[in-house]
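Novice: This structure is in structure tokens; I'll ask about it shortly.
Taken together, the values in this text are just the output of simple stated rules run on the coordinates, not laboratory data. The shown structure was predicted, so the numbers you read here are calculated from the model rather than taken from an experiment. All Cβ positions, even for glycine, are placed from backbone atoms using ideal geometry, and neighbour counts span all protein chains on display.
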Amino acid sequence: MTTNILEMLSITKTFPGVKALQNVTLAVGRGEVHAICGENGAGKSTLMKVLSGVYPFGTYEGDIVFENETMEFRDIRDSEAKGIVIIHQELALSPFLSIAENIFLNNEIKGAFGLIDWNKTNIEASKLLARVGLRENPTTKVRELGVGKQQLVEIAKALSKRVKLLILDEPTAALNDEDSDHLLDLILSLKGQNITSIIISHKLNEIKKISDTVTVIRDGKAIETIAKQDVTEERIIKDMVGRDLEHRYPDHTPHIGEEILRVENWTAYHPQDPTRIMVDNVNLNVKRGEIVGIAGLMGAGRTEFAMSLFGRSYGTRISGQVYKHGVEIKTRTVSEAIDNGLAYATEDRKFYGLNLIEDIKRNISMASLKKLERGGLVDDNKEYEVADGYRKSMNIKAPSVLSKVGKLSGGNQQKVVLSKWIYSDPDVLILDEPTRGIDVGAKYEIYTIINRLAAAGKGVIVISSELPELLGICDRIYAIAEGRITGELPIAEATPETLIKYMTMEKERA
Amino acid sequence: MSNLETKPSDDTAAGGRVNPVENKFTTALSHVLSDLGKNGIFIALVLVVVVFQVLTNGVLLRPQNVSNLIVQNGYILILAIGMVMVIVAGHIDLSVGSVAAFVGAVSGVFAVNMGLPWWLSIILSLLIGAVVGAWQGFWIAYVGIPAFIVTLAGMLIFRGLALVVLGNANIGSFPEEYRAIGNGFLTNVFGDLNVDPLTMGVAAIAIVALIVQSIRTRRGRQSYGQAVEPIGWFIGKLVLVSVVILLFAYALATFKGIPVTLIILAVLILIYGMVMGRSVFGRHIYAIGGNLHAAELSGIKTRNVTFWLFVNMGVLAALAGLVFTARLNLAGPKAGDGFELEAISAAFIGGAAVTGGVGTISGAIIGGLIIGVLNNGMSIMGIGIEWQQAVKGLVLLLAVAFDVYNKRRSGGR
């Protein structure tokens, strides 16, 4: 007998080509709040997916021991049956159903003839809502609730499944302070009801506040587990970033010239919730030949900034000024932004960047068809020649430029995206997570391309959540948190520790 | 953490695999096979023609019937051109039959009731088609209401307006020039001969133009170092197509000559083939249908493209309405009934993808011809309208099923 409710022993999870988890051991004591920290991509979510059966038994190595029994979960239903419930960052509620309907979704309370007993459903739902401290009518539609309340509905739903171990993946990421505080209090009160929680979070002060134990994961390995009395922010940060920055980045000798682009007082609000500020008075600039990084956690406003700047593709109530070579320019539509020498390669290649059913050639020409137009028609042959040139110079591995982009690997798709924007001949390129989902070899190639662009006199802005990447390739780094620029560091002064400090800097609390 | 959880890269699948040692014969063969695969729809048309030629004891390809095939299906083919463009962009238009009826009725008012000159009536009618298209395009592109809803509403609105304009009566007996667009032939320009020399001459010019254009394209590609098909297959295909054109022209020439509808169609196919295949506007349509977000973030003005697509569809629906009215010499309340379904079927049979981004003018035309041959062949055989409907439905289902299967096999999305 141990006092641990859960032990994950030597878990190793391999995806083709990537070791996502290596020999991770995690012990969670009964009735504690256990925090898991790590950078984006460290392996936290993968570990939780192994635990909850999203990756079924047999697809990983190692053992899961829950309540002193070895578990072999085939899917989420298996783990939920044992009382392990995971609440994902993106909430899994159906907006047009009521609170009660959502709580008992796929777990309906049935009465006579197998029909749903609505009275009992609503009464039970009310009891659960009281437990999570949510004063709402159970028949209210979920879409009428704010994110914070929706989170509480998720927890009520977990309680309805007689949860013993509750896993929360970045539960406060989308919440305001008041809702965050309420949620954290709730987690503590559940602890009093003997419900164990695992909380994945980036917010160090939050972790310090509620957790009994902290485990830090980095590069798919558990670095250490720290007991409450020994937890300090410095120690967690050191564990999170302490990796070597060997020769994963090509050499880059900057030749930085005059300022190309300057953005002043850039502000944008959430498109659905115009009171919520997403990009808060951002000021930044890029010089000729310079690679500028924007470091921020997911949801910090990095993509929101870039997309609102690039033809107002995100947000409402956008304000601020953009200057190119000191002259104010407008970027009200994407084509205006492109005409003014901006390019933006999106974070999500497949959904926002590429036409997967078309060939390489047509994807590369998509943003610059005007250049290929002759007498109203697109010059096919010239288009082929241009695309084939990029296939060679960017080393896009495909039999020909007539290959469909959907069949290429992530790295080669990214090279197509970059080719497309390079062909549009911009002065400033904004690259959002340019190496996400790409293997190490292709990453090196992408970094080389970025260096080449800078050497050619372009300004490059790289948005990334991987600090080593930014530290490895940038000349200057801005940190962004809660939509604000919280720090600006020349590369000589930038360290992972200082950056994380700025990236997790929260607004002054009243 | 998406870094580790997104599908890991599969560099091996992407290849870098250039063709291994090339054996001339096998590459030639594989080229022919892949060409046949791409032109599956064309082969389907040939099969359908052969089957009905046999089943109708040779009536199908008699000169008069060949001529009929074109004239009877002209308006569906005109609609199919606009429809495939709308479908490629990821939309649909259910209103074209009603719009055709409405414009037909309005043209009756212009040409018959008001006695305007035939050409003015036609121009005004086409303009009204453009206005109708702009109306629907406004709701779809700028307000953001799904095309399915807007054009479903349009289907009711314009059918209703057609009845209002007609006022419970048919409008009939159009001027002869007007009637020509549905019924006319370029006949006996060189006197009354057994084989019309004009038709054969036009066919000869068409063949020469085709050959010259094909060779120029091939030369152009070669000069840019692109792969081209084997010379044998290239010549073989040209010969085959030329023979088909000649036989088709001969059939027309021994009947009444070139139908005016065919001239209209030929012009439309040439123009719109160019638009979809080679113009910037066409590229934008494919880009929008393939990935709307990517198109937007590439600076394509997606709303404007959508708007003009529907304006275009409105004009083509109006034209189809004119051709149909001219053919019947009557603008009636039932005109255009079910046209939308035939046009949509034509586009899908012709290989357009339900999800958008894929489809060609030539495919839609061939799809329309397949439907036309089915209609015509079954009518000749005396098969009732009820079975005709069922068979056409089945063909549509099978065509799309084949398309879906094909895509899954080739590992598309």
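Novice: Please build a GNM for chain B, connecting alpha carbons under 10 Å apart, and tell me which residue among B:GLY350, B:GLY108, B:GLY172 fluctuates the most.
Specialist: Of B:GLY350, B:GLY108, B:GLY172, the Gaussian network model singles out B:GLY172 as fluctuating most.
Novice: Related question: Quote the FRET efficiency, to the nearest 0.05, computed for B:LEU198 versus B:GLN222 with a Förster distance R0 of 41 Å and r equal to the Cβ-Cβ distance.
Specialist: The computed FRET efficiency comes out at 0.65.
Novice: From the mean inverse distance of alpha carbon pairs (Kirkwood) and the Cα radius of gyration, derive Rg over Rh for segment A:4-241. It would help to have the intermediate numbers written out before the result.
Specialist: Values: Rg = 18.1 Å, Rh = 18.4 Å.
My calculation of the ratio gives 0.98.
Novice: Something else about it: Between A:THR59 and B:GLN389, what is the label-to-label distance in nm when each label sits 7 Å out along the Cα-to-Cβ direction?
Specialist: Each label point is offset 7 Å from its Cα along the Cβ direction, giving 4.8 nm.
Novice: What is the diffusion coefficient of chain B in µm²/s, taking the Kirkwood radius over Cα pairs and the Stokes-Einstein relation at 20 °C with a viscosity of 1.002 mPa s?
Specialist: After rounding, the answer is 93 µm²/s.
Novice: What FRET efficiency comes out for the pair B:VAL241/B:ILE149, r = Cβ-Cβ distance, R0 = 41 Å, nearest 0.05?
Specialist: So, using R0 = 41 Å, E works out to roughly 0.45.
Novice: Still on this structure, please answer the following. What FRET efficiency, computed as 1/(1 + (r/R0)^6) with R0 = 51 Å and r the Cβ-Cβ distance, is obtained for B:ASN170 and B:TYR405, rounded to the nearest 0.05?
Specialist: With R0 = 51 Å, the Cβ-Cβ based efficiency is 0.65.
Novice: Oh, and also: Given Cβ point charges of +1 (Lys, Arg) and -1 (Asp, Glu) and nothing else, what value in debye, to the nearest 20, does the dipole of segment A:307-391 about its Cα centre take? Mind showing how you got there, number by number?
Specialist: On the way: 14 positive and 13 negative charges, 68 e Å.
About 320 debye.
Novice: A follow-up question, please. Which of B:ASN73, B:ASN304, B:ASN376 moves most in a GNM of chain B, Cα contacts under 10 Å?
Specialist: For chain B, modelled as a Gaussian network with Cα springs under 10 Å, the answer is B:ASN304.
Novice: Tally Lys and Arg at +1 and Asp and Glu at -1 over the other residues with C-beta under 13 Å from the C-beta of A:ALA306: what net charge comes out?
Specialist: Result for the local shell: -3.
Novice: With +1 on each Lys and Arg Cβ and -1 on each Asp and Glu Cβ, and nothing else charged, work out how big the dipole of chain B is about its Cα centre, in Debye to the nearest 20. Before the final figure, lay out each step's value.
Specialist: Numbers: 24 positive and 17 negative charges, 141 e Å.
Magnitude of the dipole: close to 680 debye.
Novice: For the protein assembly as shown, what is the mean residue ellipticity at 222 nm derived from helices alone (per DSSP H run of n ≥ 4: -39500 (n - 2.57); sum divided by total residues; nearest 500 deg cm²/dmol)?
Specialist: Taken over the protein assembly as shown, the calculation gives -16000 deg cm²/dmol.
Novice: Among A:HIS255, A:HIS34, what is the fewest-to-most ranking by other Cβ atoms within 10 Å?
Specialist: On the way: A:HIS255 10, A:HIS34 23.
Sorted ascending by nearby Cβ count, the order is A:HIS255, A:HIS34.
Novice: Additional query: Once the other residues with Cβ under 9 Å from the Cβ of A:GLY148 are scored (Lys, Arg +1; Asp, Glu -1), what is the net sum?
Specialist: Charge balance in the 9 Å sphere: -1.
Novice: Also: Rounded to the nearest 5, what % of DSSP beta bridges with both residues in segment A:165-245 are antiparallel?
Specialist: If I count the DSSP bridges inside segment A:165-245, around 55 percent turn out antiparallel.
Novice: Taking each full run of DSSP H in chain B as one helix, which ones are at least 20 Å long along their axis (Cα atoms) and have mean Kyte-Doolittle hydropathy of at least 0.0?
Specialist: The answer, listed by residue number, is B:24-38, B:40-55, B:63-88, B:118-137, B:147-166, B:197-223, B:231-254, B:260-278, B:302-328, B:361-380, B:385-409.
Novice: For the residue pair B:ARG303 and B:TRP119, what label-to-label distance in nm results when each label sits 7 Å from Cα along the Cα-to-beta-carbon direction?
Specialist: Between B:ARG303 and B:TRP119, the label points sit 3.9 nm apart.
Novice: Just want the answer: with Cβ charges of +1 for Lys and Arg and -1 for Asp and Glu, which residue in A:GLY406, A:GLY483, A:MET240 is farthest toward the dipole's positive end in the protein assembly as shown?
Specialist: The Cα lying farthest towards the positive end belongs to A:GLY406.
Novice: While we're here: What does the net charge come to around B:VAL165 if you take all other residues with beta carbon closer than 15 Å to its beta carbon, with K and R at +1 and D and E at -1?
Specialist: Local charge sum for B:VAL165: +2.
Novice: Counting other beta carbons within 10 Å of each Cβ, put A:TYR344, B:TYR286, A:TYR390 in order, fewest first. Each step should come with its number before you reach the end.
Specialist: On the way: A:TYR344 28, B:TYR286 24, A:TYR390 21.
Arranged by neighbour count, lowest to highest, A:TYR344, B:TYR286, A:TYR390 become A:TYR390, B:TYR286, A:TYR344.
Novice: Next question, about the same structure. Under the definition of Cα pairs under 8 Å and six or more residues apart, what whole-number percent is the relative contact order of segment B:188-255? Working shown, then result.
Specialist: Numbers: 33 pairs, mean separation 38.4, N = 68.
Dividing the mean separation by the residue count of segment B:188-255 yields 57 percent.
Novice: Sticking with the crude label model, points 7 Å out along Cα→Cβ, report the distance from A:ILE318 to A:SER94 in nm, one decimal please.
Specialist: In this crude label model, A:ILE318 to A:SER94 measures out at 3.6 nm.
Novice: Could I ask something else about it? When only C-alpha pairs under 8 Å and at least 6 residues apart count, what is the relative contact order of chain B, in percent? Walk me through the numbers on the way to the answer.
Specialist: Values: 602 pairs, mean separation 135.9, N = 413.
Value for chain B: 33 percent.
Novice: In Å and on Cα atoms, what radius of gyration and Dmax does the protein assembly as shown show?
Specialist: Cα-based Rg and Dmax for the protein assembly as shown come out at 33.0, 108 Å.
Novice: From the phi angles alone, apply the Karplus equation (6.51, -1.76, 1.60; θ = phi - 60°) to segment A:91-102 and give each ³J(HN,Hα) in whole Hz, x where the residue is Gly or Pro.
Specialist: For segment A:91-102, the Karplus curve yields 5, 10, 10, 8, x, 8, 9, 6, 4, 4, 4, 5 Hz.
Novice: Report the extension gain between A:THR275 and A:THR25 in nm, rounded to one decimal, defined as 0.36 nm multiplied by the number of residues separating them, less their alpha carbon distance.
Specialist: Net length gain for the segment: 85.6 nm.
Novice: Amide H to amide H under 5 Å from A:THR486: which residues, 5+ apart in sequence or cross-chain, H placed 1.01 Å off N in plane?
Specialist: Result for A:THR486 returns A:ALA479, A:ILE480, A:ALA481.
Novice: Please find, in a Gaussian network model of chain B (springs between Cα atoms separated by less than 10 Å), the residue of B:THR151, B:THR56, B:THR306 whose mean-square fluctuation is greatest.
Specialist: B:THR56
Novice: For A:ARG162 and A:LEU402, calculate 0.36 nm times their separation in residues minus their Cα-Cα distance, and state this gained length in nm to one decimal.
Specialist: Gain in length upon complete extension: 80.9 nm.
Novice: Taking H as built 1.01 Å from N, whose amide H comes closer than 5 Å to the amide H of A:ILE294, not counting residues under 5 places away?
Specialist: For A:ILE294, whose amide H was placed from the backbone, the distant partners under 5 Å are A:VAL462, A:ILE463, A:SER464, A:TYR478.
Novice: Rounded to the nearest Å, what's the spacing between the alpha carbon centres of segment B:343-368 and segment B:262-313? Just the number, please.
Specialist: 14
Novice: Tell me the relative contact order for chain A as a rounded percent, counting alpha carbon contacts under 8 Å between residues six or more apart.
Specialist: 14
Novice: Ranked by Cβ crowding within 10 angstrom, fewest neighbours first, how are A:LEU6, A:LEU21 ordered?
Specialist: A:LEU6, A:LEU21
Novice: Show the residues, 5+ positions off or on another chain, whose built amide H is closer than 5 Å to the amide H of A:ILE198.
Specialist: A:HIS34, A:LEU166, A:ILE167, A:LEU168
Novice: Next up: Taking the Cα centre of each part, how many Å lie between segment A:139-180 and segment B:83-109?
Specialist: A separation of 49 Å, based on Cα centres.
Novice: Assuming 0.36 nm per residue, please report the length gained on full extension of the stretch A:HIS255 to A:THR225 beyond their Cα-Cα distance. All intermediate terms of the calculation are to be shown ahead of the outcome.
Specialist: Working: separation 30, 0.36 × 30 = 10.80 nm, distance 4.44 nm.
Gain on extension, A:HIS255 to A:THR225, equals 6.4 nm.
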